[in-house]
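Here's the structure we're looking at; comments come further down.
Just so it is clear, none of the values below were taken in a lab; they were calculated from the coordinates. Note that this is a predicted model, so its numbers are computed, not measured. Virtual Cβ from ideal backbone geometry, glycine too; neighbours counted across all protein chains shown.
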Amino acid sequence: MSDATFRARLKTILDGVATAKNVNDTIRYFNTLDSYTSAFRTANSVIHCWLIDLAGISPERPSRILGGSNIEVLQTYTYNLLGYYGLDDSARSQKVFVPVVEAVVNALNNDDTLHTNSATYWEALPARTELDYVLFGGVLCHRATVVQTIVTKVNT
């Protein structure tokens, strides 16, 4: 399996979460600040987006199949799914954004394809999440970093 396969699956899962807006399958770059922020705003002008970033690929590591003499090679892909939501104290924006993050994590953890344990496919460890605040396009935002690890078999 490849990064393209995993990235497409992660985007499909995020696109299936109705409250996750402006899902992108990579980090995005723009030449102007206005282009940058307008690409991530919702219809009511709130910044709300999700970006999928490949954080790393581990070196292949051999693993002996339990009870046998065959060795399979595993490779781990780690993705950061970055969610941003414009901070608005009067709207209690954290109370709006946290349920979106929970829905994303639940969708990832409940996806049967993502968690297949097949000799020819791949499996994923449950997602973990970190929340903080950052400037995003000059706007103070909530940021969720949902870390999703996928282990694939390089040979079978």
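The table below gives the values:
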| read-out | value |
| --- | --- |
| Angle in degrees between helix 3-15 and the longest Cα principal axis of the chain, rounded to the nearest 10 | 50 |
| Mean ellipticity per residue at 222 nm, deg cm²/dmol - from DSSP H runs of n ≥ 4 across the chain, formula -39500 (n - 2.57) | -7500 deg cm²/dmol |
| Descending principal axes extents, region 3-153, alpha-carbon based, whole Å | 61, 32, 23 |
| Separation of the His115 and Arg92 label points, Cα + 7 Å toward Cβ, nm | 3.1 |
| Residues Ile71, Ile47, Ile13 arranged by fewest to most Cβ contacts within 10 Å | Ile71, Ile13, Ile47 |
| Cβ-defined net charge surrounding Thr129, 13 Å radius [Lys, Arg +1; Asp, Glu -1] | -1 |
| Environment charge of Cys49, counting only residues whose C-beta is closer than 14 Å and scoring Lys/Arg +1, Asp/Glu -1 | +2 |
| Contact order relative to length of region 3-153, as percent, for alpha carbon pairs under 8 angstrom and 6 or more apart | 23 |
| Size of electric dipole in the chain: Cβ of Lys, Arg +1 and of Asp, Glu -1, about Cα centre, debye, nearest 20 | 20 |
| Cα-based Rg of region 1-56 normalised by 2.2 N^0.38 Å, two decimals | 1.23 |
